[in-house]
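Written out below as structure tokens is the structure these notes cover.
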Amino acid sequence: MMDPPRVRSAVALVYDQNCPNVDECRTALRAALSAVGAPPVWNEWDRNSAATPAAYRGFGSPTVLVNGQDICGPGTALSAHGNSCRIYPGEAGRSRCGAPSVTTIVNALLAEQVVCNG
């Protein structure tokens, strides 16, 4: 019997240190990675750090990237100036929320996946 395929994707979390939604986003990331059989590993980028790639500094907080792509599609999280909070579509009756849902992250992981069997 073959093991189920594992998803390998480069996952990144872009955030502001004072963002009130970062912990909720990390919890959703852990759950989504577990749901697709991937280890709970991702890179984190503080938008205000000199080490953060310039391309990531324009995203609102928190933003999840899979293989360098915003999980909600291109242009959905860019802010032109300064720090900003990210707003995501809600699920199960919530109109808006400050962190992506597990389902949103899972769908992005599956769409951008690199599957291996070993």
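One residue is enough: does the range 18-25 have a residue meeting the conditions surrounded by 18 or more Cβ atoms within 10 Å (Cβ to Cβ) and part of a helix (DSSP H, G or I)? Yes, the range 18-25 contains a residue that is surrounded by 18 or more Cβ atoms within 10 Å (Cβ to Cβ) and part of a helix (DSSP H, G or I). Of all the listed residues (A92, A38, A77, A111), the sole one being at pLDDT below 90, in contact with a strand residue (DSSP E or B) (Cβ under 7 Å, 6 or more places away or on another chain), more than 13 Å from A12 (Cα to Cα) and among the hydrophobic types (A, V, I, L, M, F, W, C) is A77. Residues in the range 57-74 that are at pLDDT below 90 and hydroxyl-bearing (S, T, Y): how many? Here the count works out to 0.
Selection within the range 26-54: residues that are among the β-branched types (V, I, T) and in a loop (DSSP other than H, G, I, E, B). The member of this set that is surrounded by the fewest Cβ atoms within 10 Å (Cβ to Cβ) is V41.
The values are calculated or read from the model by the stated rules, or taken from the named source; none is laboratory data. The structure presented is a predicted model; accordingly, all values stated were derived computationally and were not measured. Here Cβ is always computed from backbone atoms with ideal geometry, including for glycine, and neighbour counts include all displayed protein chains.
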